[in-house]
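The values are calculated or read from the model by the stated rules, or taken from the named source; none is laboratory data. Owing to the predicted nature of the structure, the values given are computational and were not obtained by experimental measurement. Cβ: placed from backbone, ideal geometry, glycine included. Neighbour counts: every protein chain shown. With ligands, DNA and RNA removed, areas are computed over all heavy atoms of the protein, side chains included. Shrake-Rupley method; radii C 1.70, N 1.55, O 1.52, S 1.80 Å.
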Amino acid sequence: MNVLHLILREMQHRVGSSLLALFSVSAAVGCLVGALTLLRADDVRTERILSDKEQDVADAVAAKEADVAQAGADLEDAMRKITKGLGFNIYILPGDQDVNELSVHGIVSKTMPASYATKLADSDIITINHLLPMVMEKTTWKEFEEDIILIGTRGEIPLKERALKKPLLQQVPAGSIVVGYGLHSKHGFKKDQKVKLNGREFTVKETLPERGTSDDATVWISLAEAQDMLGRENLINMMQALECNCATEDRVAEIRRDLARILPGTQVIELGDRALARAEARNTAKKTAQETLKRQKAAGAADLQREKTGRQKLKDEHEGFAAVLVPLAVFGAAIWIGVLTFGNVRQRRSEIGILRAIGLQSAQILTIFLGKALLIGIVGAVVGYAGGFVVGTTWGGESAAILFAPSDMLLAIVMAPLLASLGSWIPAMLAARQDPAVVLQGE
Amino acid sequence: MLLDIDQVSKTYHTVGPDVCALDEVSVSVEAGQFTAVQGPSGCGKSTLLLIAGGLLAPDVGSVQIDGRNPYELTADERAKFRATHIGFVFQQFHLVPYLDVLDNVLAPSVAAAVPQARERAEELIRQFGIEHRLHHTPGQLSTGERQRTALARALLHDPKVLLADEPTGNLDRENTEAVLGHLKEFTAKGGAVLLVSHDEHAISYADEVIRLQDGRLVKPEPAQAATPV
């Protein structure tokens, strides 16, 4: 026989009031655990929603990046093709060439070794593309008594350090001739037609469309044949090139530095309007792509922020509700347990008197009541935790494995007995201080 | 002397006039002695019993139980002293309603360890003829069975002194005889009984009868032999 036996027997005897006390503790713990579980479910859902949203935004940005990159590449390619149509924008001339002659007559009379072209192509230069060596002379097409510009070209030379690109100008094979618009339209040349140029027979390979430049009065033949006809074996007049697409501050200065290093005794001139058009086209394409991407990122970030704000607001509302409900339930339960214990003490007045008379100490009487409260608290913690957790997981819509938190269980197990003991404390003290003589005399 | 109450006075201070329950009362009960206190209602019998039981401190006078004054002890020490030296039997039985007969008899063992408590409880229950009610609660017992249960409880820890307040007040003749017989048997084994009653038949079992009138001792009467009916 011990105090626990007395407690259990009494609870068994007054099962109704014990169950009421148990219910109130369970309800308080259930409210607490349910609220915590629901808040955790909120957090889990928020985290998932935000994570999904972040992923969506990242995917959208990535897709947009790809679109923009593709569009940018397409635009840049289109720009490149358009600007490429503008033709070569770098001329490499012999060092002693008077640039004015080129400007005024469109002709270069000075020469440089043809080997310069291969030397440059085999060098480490990366600041130019599409290297085209040529000889040229203003001459008379004797068969038609027509002044023309005769250009001999071997076609573009692949640069060692640059990827092979589609040539701006196709090579003119030996025995072939390409005729400018002014000439073929005037003399009625057709493709594959045989024509004579200063005594040599050529086959018309191509008749060019009108360009409105000196090209309209130009004929192109192979470099070797032109060198032979013009008496300039192993010599060229100039090399045309396209400056690279590099985003540097002063491209032509870099090219000049490279040429001075690789081919001293040459000079470089840039056709400014072509270079500028090319650079602007490139920069516009890049800028458009970057701005589109920036807008997409900003829109995604704003969307994500809106979602975060909304979820935070919802969480604040739930926390506010829990902050009112939980203390109310806990306080209510403590009061209710106090009332029940007080009733229990009054009901057991005679019993307390006789137990004191037969020798139980006041601490043992206190233990009987607080022990009962502790027991109810422990059972209430288990029942309340289970109930609150089931409700929390059901309403929260998340799996129990995700929402289970040992800290909640610990809180319930600590809080419920404490709550029940605090609620019972005053009535239990009154019971312990009861004077058995007064009780027995009253009886 | 197992119980020595010397010149004890007790006055209750109420909202109305003070009530003098006992006025310089002295009672002594030796081992093996059955003493009865007789008197009309309100004469101070129950107050005397509570003082004798270490439950109510007197205003004046001293109490010695087995050579010790319980009122010189702290409340908890006094409770423990009661648990080891004194047994109580009341007219209203004061059984714990949710405990069965066995547990009620065992209740004093919660206060102080009783060697082989369960065996002793079962022996007492058998001795008082209520073994067939071992697992019945007080609500399921007759009044006689309740009082016998209360008596078994009072004797579980083998007290020196047994204090009985109108123990036969609610009993029929047969049960009265049984209870008084057990009290007598207790004294025969060396215990001291102080019985408070105004039942002449119960008093007839006493070795000594003390009469109280308005809180004062009237005069001692010669002992009468018990007359079983």
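Structure above, values below:
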quantity	calculated
Computed label-point distance, nm, for sites A:Ile262 and A:Val99 using a 7 Å Cα→Cβ extension	2.0
Candidate lysines - alpha carbon under 21 Å from A:Lys64, same-chain residues fewer than 8 apart omitted	A:Lys53, A:Lys286, A:Lys287, A:Lys294, A:Lys297
Length added when fully stretched, A:Arg48-A:Glu210, from 0.36 nm per residue minus Cα-Cα	51.9 nm
Hull shadow area, averaged, the protein assembly as shown [alpha-carbon convex hull, nm²]	54.0
Members of A:Lys142/A:Lys186; B:Lys160/B:Lys184; A:Lys110/A:Lys186; A:Lys110/A:Lys194 lying beyond 24 Å, as alpha-carbon distances in this model show	A:Lys110/A:Lys186; A:Lys110/A:Lys194
Accessible area buried, both sides summed, chains A and B with 1.4 Å probe, Å²	2400
Between 0 and 90°, nearest 10: helix B:75-85 axis offset from chain B longest Cα axis	60
Protein-only accessible surface order, largest first, of B:Cys43, A:Cys31, B:Cys20 at 1.4 Å	B:Cys20, A:Cys31, B:Cys43
Area accessible to solvent at A:Asp59, 1.4 Å probe radius, in Å²	80
Rg/Rh (Cα only; Kirkwood hydrodynamic radius) as it applies to segment B:3-221	0.96
For A:Trp220, solvent-accessible area (1.4 Å; no DNA, RNA or ligand), Å²	20
Peptides A:340-351, A:5-16 ordered by average Cβ neighbours within 10 Å, highest first	A:340-351, A:5-16
GNM top mover of B:Val96, B:Val19, B:Val27 - chain B, alpha-carbon springs below 10 Å	B:Val19
Highest-fluctuation residue, A:Asp250, A:Asp316, A:Asp258 considered, GNM on chain A with Cα pairs under 10 Å	A:Asp250
Ranked order, A:Asp192, A:Asp98 - accessible area, probe 1.4 Å, largest first	A:Asp192, A:Asp98
Mean separation of Cα contacts under 8 Å (6+ apart) over length of segment B:3-221, as relative contact order %	32
Mean Cα-pair separation over length for chain A, i.e. relative contact order, pairs under 8 Å, 6 or more apart, %	28
Accessible-area value, A:Ser407, 1.4 Å probe, nucleic acids and ligands omitted, Å²	70
Estimated FRET transfer efficiency (B:Val19, A:Leu8; beta-carbon r; R0 35 Å; 0.05)	0.25
Bins of 5 Å, starting at 0 and running to the largest distance - Cα pair percent for segment A:1-159	2, 6, 7, 8, 8, 7, 5, 5, 4, 4, 4, 3, 3, 3, 3, 3, 3, 3, 3, 3, 3, 3, 2, 2, 2, 1, 1, 0
Solvent-accessible surface ranking, highest first, for B:Arg126, A:Arg200 at 1.4 angstrom	B:Arg126, A:Arg200
Normalised convex hull volume, segment A:285-409, alpha-carbon set, Å³ per residue	153
